1. What lysines sit close enough to LYS185 to cross-link, taking a C-alpha to C-alpha distance under 19 Å and skipping anything fewer than 8 places away on the same chain?
2. So what is the accessible area of segment 1-93 per residue, in Å², with the probe set to 1.4 Å?
3. For LYS151, give me every one of the lysines with a C-alpha distance below 18 angstrom, ignoring sequence neighbours fewer than eight places off in its own chain.
4. From a point 7 Å beyond the Cα of GLU199 in the direction of its Cβ, which residues of segment 162-191 have a backbone N at a distance under 17 Å?
5. If you line up the long axis of helix 192-222 against the longest principal axis of the chain, both from Cα atoms, how many degrees apart are they, to the nearest 10?
6. Beyond a 32 Å Cα-Cα separation, which of these cross-linked pairs lie in this structure: LYS9/LYS102; LYS289/LYS337; LYS179/LYS337; LYS281/LYS352?
7. How much accessible area per residue does segment 285-377 have, counting only protein heavy atoms and a probe of 1.4 Å, in square angstrom?
8. Can you give the Rg to Rh ratio of segment 114-203, both from alpha-carbon atoms, with Rh computed by the Kirkwood formula?
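The values are calculated or read from the model by the stated rules, or taken from the named source; none is laboratory data. Everything quoted here is computed from the prediction, not taken from an experiment. As a convention, Cβ positions derive from the backbone with ideal geometry for all residues, glycine included, and neighbour counts pool all protein chains shown. For the accessible areas, the whole protein counts, side chains as well, though only heavy atoms, and no ligand, DNA or RNA atoms are used. Shrake-Rupley method; radii C 1.70, N 1.55, O 1.52, S 1.80 Å.
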Amino acid sequence: MNRLNENTKFIYCGIDVHKDTNSACCFDPQTQQYFGQTKFKATYRNTINYLQRIKQLYDEEVLIICGYEAGPTGLGLCREIQKAGFSCVVIAPTTIRRDNSKVKTDKRDAKLLAETLAYHTYSPVQLPDEKIEAMKEYTRARNSKKLKLKKAKQELLSFMLRTGKVYPKKQNEGNWTSKHFAWLKGIQYEDPWLQESFEVYLTTVRNLMVEVQFMDERIIQMADDEEIKEKVDRLICISGIDIMTAVSIVVEIFEFTRFQTARAFAHFLGLCPGEDSSGLKEKRVSITKAGNSVVRKLLTESSQSIKKTSKVKSKRIIQRQKGASPMVVAYADRAVKRIRTKMFMMERRGVKTNVATTAGARELACFIWGMMTDNIA
């Protein structure tokens, strides 16, 4: 990258990135001129060639700062642009100030991105290490398989309910136990089409269970990686956060220190209430849901699990806390006690269960930030 000096000229380049094509536009803040508007095939090489051509337009020292909106195309383009010697940022979509015009084109979006970069009216997306990003993709793949397994189980149970085959389970006995599978193995339909449908449903469930189990074992191995082991070992001290959840949280966020406060971290996860106030009227609305939806969902599930825990620590939690520092263990226990008490008190006042669970997730997010940033006093 260029070395900055008093004569360095800044040019801001917005890139509207899509699967097939990229649209680019440059902006000179000194002359307030847009230029270099073009569209090209969406390849790393084409994008870098475009930036090099823009650089060749100037005889003086020029620093080209380019950026694009975070989206499904990932972070690979940003890394390749930086390797080529250009400055590049990935812009958080929620921080782009869009106009109310009903006209939306790639050309206009590229101009907006260039202007957003020039006036610094955005928040950048954290660019993780490639190894951490690979881990994140693996945990997301596992979570996706888990959702498919849940749906496959529901489809099988719905099919059997429609065909009059209901598992005669005892009180407090659940499905998908060894007894349940033994019962499923003995199911036979007289109609061949029903039998074939049943076998397809059951085979799908079995295959997905094998895949999820394999990925779970791999994630347990991943937890021992030196880059994330210390953070994971701390998180699993909190009741309600198992090793799968801990690994997912760590690889999704990784650098917790980029959030200055626990409140900022909760805001990033979209767990803080929105606001619709005007004049003398103040009105709080539902949570913003702006941010990392994966971690938000994990924390919501963890808060539900915390509510079900007993006041007496189980042997499994004691085992997970073994080897951790006394301060971390005390902090984790204090977090669980506060979250569980808060949810119970809210529900006792008549607050809806979902609202109480979300409040518990927000509290959990704040405790996690404290644990990951050593603010546990």
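1. Straight-line reach from LYS185, under 19 Å: LYS153, LYS165, LYS169, LYS170.
2. Details: 4880 Å² over 93 residues.
About 52 Å² of surface per residue is accessible.
3. Result set, ordered by chain and number: LYS297.
4. Residues 184-191 qualify, since their backbone N sits under 17 Å from the label point.
5. Roughly 60 degrees between the two axes.
6. On the way: LYS9/LYS102 34 Å; LYS289/LYS337 26 Å; LYS179/LYS337 36 Å; LYS281/LYS352 24 Å.
Result: LYS9/LYS102; LYS179/LYS337 exceed 32 Å.
7. Working: 5410 Å² over 93 residues.
Result: 58 Å² per residue.
8. Working: Rg = 23.0 Å, Rh = 17.3 Å.
So for segment 114-203, dividing Rg by the Kirkwood Rh gives 1.33.
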